[in-house]
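A.B. asks: Pasting a structure below so you can have a look.
Values in this text are rule-based calculations from the coordinates and carry no lab data. Please read all numbers here as calculations on a predicted model, not as lab measurements. Positions of Cβ are backbone-derived with ideal geometry, glycine not excepted, and every protein chain shown enters the neighbour counts.
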Amino acid sequence: TSAMAQTTKKFVANYDEAKIPAYELPAALQTQDGDPVETAEQWNDRRAETLRLFEEHVFGIMPEQRNIKVKVVRSDRDYRPGVTRHELDVSILPLDASSDRSPLVVQVLADVPQSDSPAPAILGLNFQGNHTIDNDPRTRIPSSWVRDRRNGSTDGNKAIEAGRGVASTRWPSKMITDRGYAMITVYYGDIDPDFDDGFENGVHGVMPEFIESLPEDHRPGSIAGWAYGLSCVLDAIEQADALNVDATKVGVLGHSRLGKTSLWAGATDPRFAMVISNDSGCGGAALCRRAIGETVARINTSFPHWFNDAYLQYNENESALPIDQHQLIALSAPRAIAVGSATQDEWADPKGEFLAWQAAAPVYELLGMSSDDVKVAEDASMPKKQSVINAGPMQYHLREGKHDLADYDWECYLDLADRTLQTESR
Ligand code: GCU
């Protein structure tokens, strides 16, 4: 019977809007006790409550403290005319300074426009290694675990020379620096390898005492680990004066699972001045309750290690979740937020990403978004392909094409950065 049960249980994604179950979204502006949230001060408490709900029911808990050391290991002035390429080592140290556990060393690559004033920046994790963003023969190749791509760009789970430049379309460094921004990237597997390792490796491995102190259901999955790593990199940006990057103007960007991660990094670390979700889908910007394309049950089956164990109770039970993903977006308020979708990315539910973005607008309004902008966000219907909705610090766009991070996406994000990060001082 168990074989039978398994065949009948095979997941078939629903893509039919007519089959979406009736649902009601949890109110972002109402406490769990049912009290209305009407002032910015009340939102502070509701924000803390919302953050806790995501920690306890979705992502798991990471420590508030971080302990890092940063070392610049390479500065290639005029890597391109007017641009310096730096490589840094960021060591994530045990929280207990007396511990003799080895730190985790994360390699950072930063292309920074040369200027008298520190540059604003976009920081994003990459999937395959810093060496894959272009053909620079000097960029270090990660020694941490990589996914076996079976296409010659890896040797089993090892990154190799042949991988140089294979992800270059996703990292248009010249476009970014020409517009005055630094592009900073880190291989996500340096922070935590993307497989279920029972908290052994990566950033979890630096803090076993902390993790063991948590209830089992609340232990952090990989998304929480990657987001914590992003905060450590932001610490390093703050500390490394030689980088000449303005840590108060750093946008955090991610695609897909790493877009889920950038939303969580923006939620947990208010120092990120701008938060960018590209095609983040289930567990990211897309509403869970629509259960269209990838669902909670499906993601918990394929990628259980991304989330905490409490999230498993919501398999085919989305309406029991105390939150939905509009509230994850709202945790970035009042900072700049960009949600990008792609027409052929049905697995990530573009419409669910749009509706979640829209449902976050009331929180932005409470925190000062103008009524004109609120109207733009709330009156908008799902935009046509290759178009953008701008409402104050909120941006949504729909690119034509498949699940990817493309030049058009970057253009939208840099436009939002121009509107929200730049100041007269530059
Ligand atoms: C899978 C997964 C998605 C994820 C994507 C990615 O498709 O189901 O949730 O966003 O991988 O990270 O590319």
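A.B. asks: Evaluate the charge dipole of the chain about its Cα centre and quote only its size in Debye, nearest 20, assuming +1 on the Cβ of each Lys and Arg and -1 on the Cβ of each Asp and Glu.
C.D. replies: Approximately 1220 debye in magnitude.
A.B. asks: Take each uninterrupted DSSP H stretch in the chain, measure its Cα extent along the helix axis, and return the ones at 24 Å or beyond whose mean Kyte-Doolittle hydropathy is at least -1.0.
C.D. replies: Working: long enough: 222-239 (25 Å, 0.76).
Both cut-offs are met by 222-239.
A.B. asks: While we're on this one: Which of the lysines could a cross-linker span from Lys19 if the Cα-Cα distance has to be under 26 Å and same-chain partners fewer than 8 positions apart are dropped?
C.D. replies: The reachable lysines, counting only those whose Cα sits under 26 Å from Lys19, are Lys9, Lys10, Lys260, Lys351, Lys384, Lys385, Lys402.
A.B. asks: Same structure again: Rounded if a/c is under 1.5, else prolate if a/b beats b/c, else oblate: with a ≥ b ≥ c from the C-alpha gyration tensor eigenvalues square-rooted, which is segment 336-382?
C.D. replies: Values: a/c = 2.87, a/b = 2.27, b/c = 1.27.
Note, shape of segment 336-382 comes out prolate.
A.B. asks: Treat every Asp and Glu Cβ in segment 50-159 as -1 and every Lys and Arg Cβ as +1, leave all other atoms uncharged, and give the resulting dipole magnitude about the Cα centre to the nearest 20 debye.
C.D. replies: About 280 debye.
A.B. asks: Under a 5 Å amide H to amide H cut-off, with H placed in plane at 1.01 Å, what residues pair with Asp155 once short-range neighbours are removed?
C.D. replies: For Asp155, whose amide H was placed from the backbone, the distant partners under 5 Å are Ile160.
A.B. asks: Positive end of the charge dipole of segment 152-304 (Lys, Arg +1 and Asp, Glu -1 on Cβ, about the Cα centre): tell me which of Tyr181, Trp226, Met207 has its Cα farthest that way.
C.D. replies: Tyr181
A.B. asks: I've got another one for you. Using +1 at the C-beta of Lys and Arg and -1 at the C-beta of Asp and Glu, which of Thr154, Thr132, Ile122 has the Cα lying farthest in the positive direction of the dipole of segment 114-163?
C.D. replies: Thr154
A.B. asks: Over the chain, calculate the relative contact order: mean separation of alpha carbon pairs under 8 Å at least 6 apart, over the residue count, as a percent. Let's see the in-between values first.
C.D. replies: Values: 881 pairs, mean separation 69.4, N = 426.
Computed value for the chain: 16 percent relative contact order.
A.B. asks: Roughly what % of DSSP beta bridges within the chain run antiparallel, to the nearest 5? Mind showing how you got there, number by number?
C.D. replies: Numbers: 31 of 58 bridges.
DSSP beta bridges in the chain are roughly 55 percent antiparallel.
A.B. asks: Calculate for the chain the 222 nm mean residue ellipticity that helices alone would give, adding -39,500 (n - 2.57) per DSSP H run of length 4 or more and normalising by residue count, nearest 500 deg cm²/dmol.
C.D. replies: -8000 deg cm²/dmol
A.B. asks: With an 8 Å Cα cut-off and a minimum separation of 6 or more residues, compute the relative contact order for segment 155-305 in percent.
C.D. replies: Relative contact order comes out at 15 percent.
A.B. asks: Here's a follow-up. Quick check on segment 83-224: of the DSSP beta bridges with both residues there, what percent are antiparallel, nearest 5%?
C.D. replies: 75 percent
A.B. asks: Need one number: convex hull volume per residue for segment 268-320, Cα atoms only, in Å³.
C.D. replies: In segment 268-320, the Cα hull volume divided by residue count equals 104 Å³.
A.B. asks: Report ³J(HN,Hα) in whole Hz for each residue of segment 209-215, in order, from the Karplus equation J = 6.51 cos²θ - 1.76 cosθ + 1.60 where θ = phi - 60°; Gly and Pro get x.
C.D. replies: So the Karplus estimates, Gly and Pro as x, are 5, 4, 5, 5, 6, 8, x Hz.
A.B. asks: On to the next question. Straight-line reach only, C-alpha to C-alpha below 16 angstrom: list the aspartates and glutamates that Lys174 could link to, leaving out same-chain residues fewer than 8 apart.
C.D. replies: Asp76, Asp78, Asp111, Asp134, Asp136, Asp407, Asp409, Glu411, Asp415
A.B. asks: For Asp134, which sequence-distant residues (separation of 5 or more, or a different chain) have an amide H within less than 5 Å of its own amide H, given hydrogens modelled in the peptide plane?
C.D. replies: Amide H to amide H, under 5 Å and 5 or more residues apart or across chains, Asp134 pairs with Gly165.
A.B. asks: How fast does the chain diffuse by Stokes-Einstein, in µm²/s, taking the Kirkwood radius from C-alpha pairs at 10 °C and 1.306 mPa s?
C.D. replies: 73 µm²/s
A.B. asks: While we're here: What size of dipole, in debye to the nearest 20, comes out for segment 13-88 about its Cα centre when the only charges are +1 on Lys and Arg C-beta atoms and -1 on Asp and Glu C-beta atoms? Walk me through the numbers before you get to the answer.
C.D. replies: On the way: 11 positive and 15 negative charges, 199 e Å.
Charge dipole of segment 13-88: 960 debye, to the nearest 20.
A.B. asks: Once you put a point 7 Å from the Cα of Leu367 and another 7 Å from the Cα of Asp196, both along the Cβ direction, what distance in nm separates them?
C.D. replies: 3.5 nm
A.B. asks: Cα to Cα, under 18 Å, and not fewer than 8 places away if on the same chain: which lysines meet these conditions relative to Lys69?
C.D. replies: Reachable lysines: none.
A.B. asks: Relative contact order (percent) for segment 335-426, with alpha-carbon contacts under 8 angstrom and 6 or more residues of separation?
C.D. replies: That works out to 37 percent.
A.B. asks: Looking at the square roots a ≥ b ≥ c of the eigenvalues of the Cα gyration tensor of segment 265-372, which shape do they give, rounded for a/c under 1.5, prolate if a/b is larger than b/c, or oblate?
C.D. replies: Prolate, since a/c reaches 1.5 and a/b exceeds b/c.
A.B. asks: Let me ask something else. Can you bin segment 61-142 into rounded, prolate or oblate? Criterion: square roots of the alpha carbon gyration tensor eigenvalues sorted a ≥ b ≥ c, rounded for a/c under 1.5, prolate for a/b above b/c, oblate for the rest.
C.D. replies: Values: a/c = 2.21, a/b = 1.76, b/c = 1.25.
It comes out prolate by the Cα gyration axes.
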